1. Would you please give the FRET efficiency between Gln137 and Thr172, computed as 1/(1 + (r/R0)^6) with r the Cβ-Cβ distance and R0 = 30 Å, to the nearest 0.05?
2. Please get the size of the charge dipole for the stretch 141-231, origin at its Cα centre, with Cβ charges of +1 on Lys and Arg and -1 on Asp and Glu, quoted in debye to the nearest 20.
3. Sticking with the crude label model, points 7 Å out along Cα→Cβ, report the distance from Leu253 to Ala88 in nm, one decimal please.
4. What range in the chain is the longest one free of GluC sites (Glu not before Pro) that are in a loop by DSSP and have at most 15 other Cβ atoms within 10 angstrom?
5. Positive end of the dipole of the chain, charges at C-beta (+1 Lys, Arg; -1 Asp, Glu), about the Cα centre: which of Leu21, Pro202, Leu105 has its Cα farthest in that direction?
6. Placing +1 at every Lys and Arg Cβ and -1 at every Asp and Glu Cβ, with all other atoms neutral, what dipole size does the chain have around its Cα centre, in debye to the nearest 20?
7. Need one number: nm distance between label points at Val198 and Ser157, each 7 Å from Cα along Cα→Cβ, rounded to one decimal.
8. Between the stretch 79-145 and the stretch 162-206, how far is it from one alpha carbon centroid to the other, in angstrom?
Amino acid sequence: MTRLKIAIQKSGRLSEQSLQLLERSGLAFAKSKDKLFWYGRNLPVDLLLVRDDDIPRLLLEGVCQLGIVGENVAQEKILEARERKPAADLEALARLDFGHCRLMLAVPEDMPYNAPADLDGKRLATSYPQLTRRWLQEQGVDADIVTLNGAVEIAPSLGTAEAIVDLVSTGTTLRANHLKATDEVLSSQAAVYRSPRVLDAPAEQLLATLLTRIEGVRRAAESKYVMLHAPRARLAEISAILPGAESPTVLTLEGQGDKVAVHAVCTEQVFWEHLEELKRAGASAVLVLPVEKMLA
Ligand code: ATP
Ligand code: ZN
């Protein structure tokens, strides 16, 4: 019997949401606290819990068939693998809209900096040497790369580099180290990747089913079911305000000739501003409900 293995981060910023996504996709696992391997209880899909940096290699080697990892890590490791094997590649099947971060060039606040060309002849500390090298090449800049596995942000104050390329989400760490982010090297989020190894037909089928479910969970997470009452005369106006809604359902309200009930699935985020706009257009009794699953 074919079983698929999915690799996710064991403990870190991607762990909880990766697991949640798989569970919402209908997978249940026999969890064991200390073990790295969770057996799939309801489908032939098992989980491997590992360091995020190991996920691309597990996929490239065919140990796992699917993996959830940040694009930053995946792309860095693919470039690294290409140094040994030029054809190495991983296919990104879906971006997951969590784990957002940006790989940024940051320079000391007091360093004069206008453009990447100012980095010529300087040293850049980073944990992402491959992505940094590619970016420097694209910019036509000749700088040295100092590879560090952690504490990259203190390199300029230690004098081991003049600037850094590091992941940034809020910028607090940078400010604490008197650095300012200047250029974006890569914008990243978590994504599902597949192994380049060829699968047999049942495994391929299972993988397709899983992906459809993941896509359904992802779409449902953004979607809301909106119900409201609207003056019949302003139906078109009100429908146009509903974000990402296709042809809403319109129902008559018993005993109220000029008013109808409108039900719609909004596939884009519904903000308070939308509700206020709906109200101004004459809508009343507006309800916004979460959508749990979606199958197109
Ligand atoms: P591991 O022990 O698995 O190697 P780690 O320390 O490398 O963990 P985390 O800090 O948990 O990794 O980050 C995992 C991923 O989360 C990053 O590679 C990146 O894709 C994403 N991420 C999202 N926001 C941030 C952030 N502010 N800083 C760092 N990574 C972030
Ligand atoms: Zn890591």
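A short reminder: the numbers here are calculations on the coordinates, not readings from a lab. Just so you know, these numbers come straight off a predicted model, no measurement behind them. Neighbour counts are summed over all protein chains in view; Cβ atoms, including those assigned to glycine, are modelled from backbone coordinates with ideal geometry.
1. Numbers: r = 31 Å, r/R0 = 1.02.
Step by step, r from the Cβ atoms, then E = 0.45.
2. It works out to roughly 620 debye.
3. Each label point lies 7 Å from its Cα, and together they span 6.3 nm.
4. Working: sites that count: Glu61, Glu109, Glu246, Glu254, Glu268, Glu292.
Within the chain, the longest run free of exposed GluC sites (Glu not before Pro) spans 110-245.
5. Pro202
6. Details: 35 positive and 40 negative charges, 230 e Å.
So the magnitude is around 1100 debye.
7. 5.6
8. Centre-to-centre (Cα) distance: 11 Å.
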